[in-house]
């Protein structure tokens, strides 16, 4: 489903060349649940941008759902982001003065999808917030706001959920709730990729990939995977 072959991302600042990703090869199959970890400056953010089609590699090939992303125009990349990728961010990125259900509707507006209210309501029900559809973000807890963000991510039925530090602003109870929800979405057949620096979050994944200096230094199963009970 995701295939990186000898991918590098090089940033040029004056005469200084920074290899944020350095000859990375990686495969993530449909239905996998992967955590990507690494210290600051390891290439996690660049990896997220590449996987999310927010940036394209300098060298190498990146295929998403069989499509060579490097061959696409800006409009085609936008279409891929709208249709095939659901984004979840640390800061939720909800519109403050817009209700939960309207926040969830937004990706469908950009993608030109009909029956937006029905689909948004169904997505909120899937994340346990069917009774909070008309609430504003300020009326929701942090964990509930992240649930709205996840509903927004899944409403277009993407092939991949890309979650960047999805629990970074949450307490431990809300962290467990959000991770259990992401695991349940994965168990229903969705591919989930997490960017995280927290071991307790990575332990929910099936694979933990560690980056350092723009390269993969390990790709393993977590030693003590956290299982749903």
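Select, from 101, 7, the only residue that is over 30 Å from residue 135 (Cβ atoms), crowded, with 20+ Cβ neighbours inside 10 Å, modelled with pLDDT of 90 or more and more than 19 Å from the chain's Cα centre (by Cα). None of the other options fit; the residue is 7.
For residue 104, the stated conditions do not hold, so it cannot be described as in a helix (DSSP H, G or I), without any contact (Cβ under 8 Å) to a residue 12 or more places away in the chain and closer than 17 Å to residue 158 by Cα. Could you tell me whether the range 40-62 includes any residue that is on the phi < 0 side of the Ramachandran plot, buried (at least 20 other Cβ atoms within 10 Å of the Cβ) and part of a strand (DSSP E or B)? Checked the range 40-62: at least one residue is on the phi < 0 side of the Ramachandran plot, buried (at least 20 other Cβ atoms within 10 Å of the Cβ) and part of a strand (DSSP E or B).
Consider residue 210 against the criteria (1) outside any loop (DSSP other than H, G, I, E, B); (2) over 18 Å from the mean Cα position of the chain (by Cα); (3) buried (at least 16 other Cβ atoms within 10 Å of the Cβ): it satisfies all of them except one. Which criterion is unmet? Going through the list (1) outside any loop (DSSP other than H, G, I, E, B); (2) over 18 Å from the mean Cα position of the chain (by Cα); (3) buried (at least 16 other Cβ atoms within 10 Å of the Cβ), residue 210 breaks only (2). Of the candidates 33, 21, 26, the single residue that is under 19 Å from residue 149 (Cα atoms), touching a residue at least 12 places away in the same chain (Cβ under 8 Å) and touching a strand residue (DSSP E or B) at 6+ places or on another chain (Cβ under 9 Å) is 33. From the set of residues in the range 67-86 that are surrounded by fewer than 20 Cβ atoms within 10 Å (Cβ to Cβ) and in contact (Cβ under 8 Å) with a residue 60 or more places away in the chain, which is nearest to residue 212 (Cα to Cα)? Going through the qualifying residues, I end up with 84.
For the range 23-37, the candidate set comprises residues that are within 12 Å of residue 209 (Cβ to Cβ) and within 15 Å of the chain's Cα centre (by Cα); within that set, the residue that is surrounded by the most Cβ atoms within 10 Å (Cβ to Cβ) is 36.
The values are calculated or read from the model by the stated rules, or taken from the named source; none is laboratory data. All values reported here derive from a predicted model rather than from experimental measurement. Cβ sites come from the backbone with ideal geometry, for glycine too, and all protein chains shown count toward neighbours.
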